[in-house]
Amino acid sequence: MADKILIVDDDPAIRKLLEKVMHSNEMEATTASSGADALKLLSQNTYDLILMDVTLEDMEGFEVIKHLRRQGIKTPVMIVSGRNEDYDSLYGLSVGADDYITKPFRPVVLGAKVKALIRRNRDLILKNPDVLECGPFTYHYSTMRFYKDQEELVLSTREAALMLLFLQHPGQVYTKEMIYEQVWGTQVAIDDNAIMVYINRLRSKIESNRQKPQHIVTVRGLGYRFSP
């Protein structure tokens with residue numbers, strides 16, 4: 001399966017060039033021209049790497065990166081910028097970027113750096129495959145136990161399945177139909193009440209205030225989004 005790359009740049013010519021470089025390296029590329037578009041795509045999809053411009057139409061790329069990291073999204077980010085000051089590269093790395101390359105760049109070098117960063121990220125995951133970390137939450141696959149701030153969460157089987165779904169896909173919006181299919185294993189006879197019951201039970205165990213949830217957030221008219 002081809003690696004999936006999200007390209008975020010407000011310059012159509014640069015987007016086209018980056019897309020061409022990714023395709024030449026047998027990678028799938030999706031493009032966004034603004035920070036808002038990028039955040040929307042990232043709430044609905046997962047990628048192997050993000051190529052991020054610093055100067056966007058609506059916000060700086062740094063702000064997009066900070067938002068992702070606050071959400072617990074750990075997708076590797078490589079900044080691709082025409083600004084070559086040391087401050088920009090150091091600041092980018094400090095807010096959560098993983099690498100930095102300046103424009104103009106050599107396509108062969110960019111392709112090699114992208115592959116190396118994806119490989120490095122996968123190696124890190126493989127070194128500790130037993131533990132899933134997402135914000136203050138951790139899940140240990142071998143013991144099937146959940147923790148928040150190192151304190152164990154006692155969950156029922158259905159609550160655990162729902163929690164694991166959220167931890168594996170932070171920031172993604174899940175409709176009730178998607179939740180029912182993933183947790184109950186069927187799309188037939190979706191029980192809205194059952195979903196609400198388990199959402200409320202899970203909130204009572206992981207939220208500081210169930211009436212004002214910070215982690216399992218209702219997306220009006222759509223479903224739910226997990227925010228670490």
- Message: Any residue in the range 156-178 that is over 15 Å from R203 (Cβ atoms) sitting within a Cβ distance under 6 Å of a residue that is part of a strand (DSSP E or B) and charged (D, E, K, R)? List the pairs, counting only those 6 or more apart or interchain.
- Response: V173/R225
- Does any residue of the range 10-19 turn out to be of a type in the set (D, E) and touching a Pro at 6+ places or on another chain (Cβ under 9 Å)? no
- Task: Of all residues in the range 208-221, count the ones that are out of contact with any Lys or Arg (no Cβ under 7 Å at 6 or more places or on another chain) and open to solvent by 30 Å² or more (accessible area, probe 1.4 Å).
- Result: 8
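Just one of Y224, Y198 is surrounded by 16 or more Cβ atoms within 10 Å (Cβ to Cβ) and either assigned to a strand (DSSP E or B) or among the polar types (S, T, N, Q) (or both); which is it? Steps first, answer last, please.
Numbers: Y198 fails: either assigned to a strand (DSSP E or B) or among the polar types (S, T, N, Q) (or both).
From the options Y224, Y198, the qualifying one is Y224.
Look at L68 and say whether it is within 18 Å of the chain's Cα centre (by Cα), at pLDDT below 95 and over 30 Å from G223 (Cα atoms).
Details: within 18 Å of the chain's Cα centre (by Cα): yes; at pLDDT below 95: yes; over 30 Å from G223 (Cα atoms): no.
The answer is no for L68.
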- Collect the residues in the range 15-36 that are within 17 Å of V77 (Cα to Cα) and not in a loop (DSSP other than H, G, I, E, B), keeping them in residue-number order. R15, L18, E19, V21, M22, E28, A29, T30, T31, A32, G35, A36
- Among the residues of the range 85-106, is any part of a helix (DSSP H, G or I), within 20 Å of the chain's Cα centre (by Cα) and aromatic (F, W, Y)? no
- Taking the range 49-75 and keeping residues assigned to a loop (DSSP other than H, G, I, E, B), in contact (Cβ under 8 Å) with a residue 40 or more places away in the chain and buried (at least 21 other Cβ atoms within 10 Å of the Cβ) leaves D53, L56, I73
- Task: Would you be able to tell me the number of residues in the range 37-48 that are open to solvent by less than 70 Å² (accessible area, probe 1.4 Å) and either among the hydrophobic types (A, V, I, L, M, F, W, C) or part of a loop (DSSP other than H, G, I, E, B) (or both)?
- Result: 7
- Matching residues in the range 83-92 - criterion: being open to solvent by 60 Å² or more (accessible area, probe 1.4 Å) and touching a strand residue (DSSP E or B) at 6+ places or on another chain (Cβ under 7 Å): N84
- Identify all residues within the range 21-36 that are open to solvent by 70 Å² or more (accessible area, probe 1.4 Å) and either touching a residue at least 12 places away in the same chain (Cβ under 8 Å) or of a type in the set (D, E) (or both); write none if there are none. S24, E26, E28
- Query: Hey, among the residues in the range 165-195 that are modelled with pLDDT under 90 and touching a Phe, Trp or Tyr at 6+ places or on another chain (Cβ under 6 Å), which one's most open to solvent (accessible area, probe 1.4 Å)?
  - Reply: I190
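The values are calculated or read from the model by the stated rules, or taken from the named source; none is laboratory data. Keep in mind that this is a model prediction, so the values were computed, not measured. Quick reminder, even Gly has a Cβ in these numbers, built from the backbone with ideal geometry, and neighbours come from all protein chains shown. Areas reflect the complete protein model, heavy atoms only, side chains present, ligands, DNA and RNA absent. Shrake-Rupley method; radii C 1.70, N 1.55, O 1.52, S 1.80 Å.
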